[in-house]
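Down below is the structure, laid out as structure tokens.
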Amino acid sequence: MIVVMNQNAPQPTIDRVVREIERMGCQAHLSQGRFRTVIGAVGEEGTIDQNHLASLDGVEKVVPIMKPYKLASREFHEEDTVVEVGGGKTPVVKIGGPHAATIAGPCAVENEKMLWTIARHVRDGGATILRGGVYKPRTSPYSFQGLGEAALKWIRACGDELGMPICVEVMDTRQVELMETYVDCFQIGARNMQNFDLLREVGKTRKPVLLKRGLAASVKDWLLSAEYVLSQGNRSVILCERGIKTFEDSIRYSLDVTSIPVVNQWSHLPVIVDPSHAAGKRDYVCALALAGMAAGANGIIVEVHYCPSEAQCDGPQALLPETFKDLMVQLRQVAAIYNREFTPAEQLTTAN
Ligand code: PEP
Ligand code: MN
């Protein structure tokens, strides 16, 4: 249910509606628009007295949200959400609305020298957020699993030094507390998109969450997963289309570019694309990245390596630094069509 307040409704009337929603045993979530406040009343069906809410001072109307995901829906929040990543020692990078951004780096943080070299390359190429896994979801338990906290320390120091917020995958609820002290953005991997406990746990933090689409998840499932995070009070969710399983076997996954306009219509949350994991092979990465941007994405997350043959993880899909740099030039051109901008690092500030 959403309670739409009159334009410029006084604060005490808003507070009263919130109290009444809570008294009914539901949660109240405020969405402050440019002109009016919308209050989402979320709880079990049947517990909300719609007529009572409609009779309160300052209330224009009470309407049900038709979508199963409430807080993630455009009905609840009409304007595009802009998620801010970083701050403190690094600049703030905005993703959403007119702001596009590129998250780039190695698949996994394998050693310090490799990390710093790649980080410098991607920063010089135009990426503003650094990625790198320290806990890796691998199909085989005998494959490289990531270096854990040691690698977290390296990537934090590297991000701080180069002025890049860091985005790192969290795989388990037990890692959240430790990682929260290091990372600027939690990445939830495709295989964990429906790990509901993990979604709730990152939802309790106030760090942005990059939520990959599951390998076999519908857009609706994906938005319901975002809802788990939002329902805990964390408003900073960035969706990431990374390809789904189809019968096509010429590529690793099929990048579902269609999901981008669909998400943009159904939800206010920003959506980016991951061309690397969809392609599985560097030859296809640039085309998929550009296709995603052309479909209306707010940026990309991409794997880059200066010596992919040495990578312990996902080498074949890593872009070479020069290719990455060229791709950024093209991405800026596509973004401009939609009046979106990849803010250059030198124009970022630490203030929110
Ligand atoms: C990754 O980003 O390295 C990764 C494992 O991605 P995904 O969860 O999309 O497979
Ligand atoms: Mn990878």
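Output the number of residues of region 248-279 satisfying the condition of being of a type outside the set (A, V, I, L, M, F, W, C) and part of a loop (DSSP other than H, G, I, E, B).
Looking only at that region, the number is 10.
Within the group Val273, Val229, Val263, which residue is crowded, with 22+ Cβ neighbours inside 10 Å and under 20 Å from Val93 (Cα atoms)? Show your work before the answer.
Working: Val229 fails: under 20 Å from Val93 (Cα atoms); Val263 fails: under 20 Å from Val93 (Cα atoms).
Among Val273, Val229, Val263, only Val273 is crowded, with 22+ Cβ neighbours inside 10 Å and under 20 Å from Val93 (Cα atoms).
If you check His77 against the conditions, is it more than 16 Å from ligand 2 (Cβ to nearest atom), touching a residue at least 60 places away in the same chain (Cβ under 8 Å) and within 22 Å of Leu239 (Cβ to Cβ)?
Judged against the criteria, His77 is a match.
Go through region 241-260 and give me each residue that's of a type outside the set (A, V, I, L, M) and over 16 Å from the mean Cα position of the chain (by Cα).
Scanning region 241-260 gives Lys245, Thr246, Phe247, Glu248, Asp249, Ser250, Arg252, Tyr253, Ser254, Asp256, Thr258.
Is it fair to say Glu79 is in contact with a Pro (Cβ under 9 Å, 6 or more places away or on another chain), more than 16 Å from ligand 1 (Cβ to nearest atom) and under 18 Å from Ala226 (Cβ atoms)?
In short, no.
Inspect all residues belonging to region 337-344 and state whether any of them is surrounded by 15 or more Cβ atoms within 10 Å (Cβ to Cβ) and among the aliphatic types (A, V, I, L, M).
no
Take Ser267 and decide whether it is within 14 Å of ligand 2 (Cβ to nearest atom), in contact with a Leu (Cβ under 8 Å, 6 or more places away or on another chain) and hydroxyl-bearing (Ser, Thr, Tyr).
The answer is no for Ser267.
Considering only residues that are of a type outside the set (Val, Ile, Thr) and within 16 Å of ligand 2 (Cβ to nearest atom), look in region 238-252 and name the one that is farthest from His268 (Cα to Cα). Break it down into steps so the answer makes sense when it comes.
Of region 238-252, the ones of a type outside the set (Val, Ile, Thr) are 239-243, 245, 247-250, 252.
Narrowing further to those that are within 16 Å of ligand 2 (Cβ to nearest atom): 240-243, 252.
On the way: Cys240: 14, Glu241: 15, Arg242: 19, Gly243: 21, Arg252: 29 Å.
Step by step, filter region 238-252, then rank; the result is Arg252.
Kindly indicate the residue of region 82-97 that is open to solvent by 60 Å² or more (accessible area, probe 1.4 Å) and touching an Asp or Glu at 6+ places or on another chain (Cβ under 9 Å) and also nearest to ligand 1 (Cβ to nearest atom) among those meeting that condition.
Here the answer is Lys94.
Looking for something buried (at least 21 other Cβ atoms within 10 Å of the Cβ), within 14 Å of ligand 1 (Cβ to nearest atom), closer than 22 Å to Ser225 by Cα and modelled with pLDDT of 95 or more - is there at least one such residue anywhere in region 153-167?
yes
How about region 16-28: which of its residues are farther than 13 Å from Met5 by Cα, open to solvent by less than 40 Å² (accessible area, probe 1.4 Å) and not acidic (Asp, Glu)? Reasoning before the result, please.
Taking region 16-28 as the starting set, the residues that turn out to be farther than 13 Å from Met5 by Cα are 19-28.
Narrowing the set further to residues that are open to solvent by less than 40 Å² (accessible area, probe 1.4 Å) leaves 20-21, 24, 26, 28.
Listed by number, the residues that qualify are Ile21, Met24, Cys26, Ala28.
Tell me which strands (runs of 3 or more DSSP E) are completely within region 161-247 and hold 2 or more residues being among the β-branched types (Val, Ile, Thr), or say none if there are none.
Of the strands (runs of 3 or more DSSP E) lying wholly inside region 161-247, those with at least 2 residues that are among the β-branched types (Val, Ile, Thr) span 166-169, 237-241.
Restricting to region 114-143, name every residue that is among the β-branched types (Val, Ile, Thr), open to solvent by 10 Å² or more (accessible area, probe 1.4 Å) and within 14 Å of ligand 2 (Cβ to nearest atom).
Thr139
Under 6 Å between Cβ atoms, at least 6 apart or on separate chains: pull out the pairs that start in region 134-155 with a residue that is closer than 11 Å to Glu169 by Cβ and of a type outside the set (A, V, I, L, M) and end on any residue that is open to solvent by 70 Å² or more (accessible area, probe 1.4 Å) and part of a loop (DSSP other than H, G, I, E, B).
Between residues of region 134-155 that are closer than 11 Å to Glu169 by Cβ and of a type outside the set (A, V, I, L, M) and residues that are open to solvent by 70 Å² or more (accessible area, probe 1.4 Å) and part of a loop (DSSP other than H, G, I, E, B), the close pairs are Lys136/Gln145.
Restricting attention to region 98-112, and to residues there that are farther than 23 Å from Met179 by Cβ and open to solvent by 10 Å² or more (accessible area, probe 1.4 Å), which single residue is farthest from ligand 2 (Cβ to nearest atom)?
Pro98
Looking at region 295-316, which of the residues that are of a type in the set (A, V, I, L, M, F, W, C) and buried (at least 17 other Cβ atoms within 10 Å of the Cβ) is nearest to Val257 (Cα to Cα)?
Among those residues, the one meeting the criterion is Ala295.
The values are calculated or read from the model by the stated rules, or taken from the named source; none is laboratory data. Predicted model, so just to flag it, every value in this text is computed and none were measured. We place every Cβ from the backbone using ideal geometry, glycine too, and count neighbours over all the protein chains shown. The area values use the complete protein model at the heavy-atom level, side chains included, leaving out ligands, DNA and RNA. Shrake-Rupley method; radii C 1.70, N 1.55, O 1.52, S 1.80 Å.
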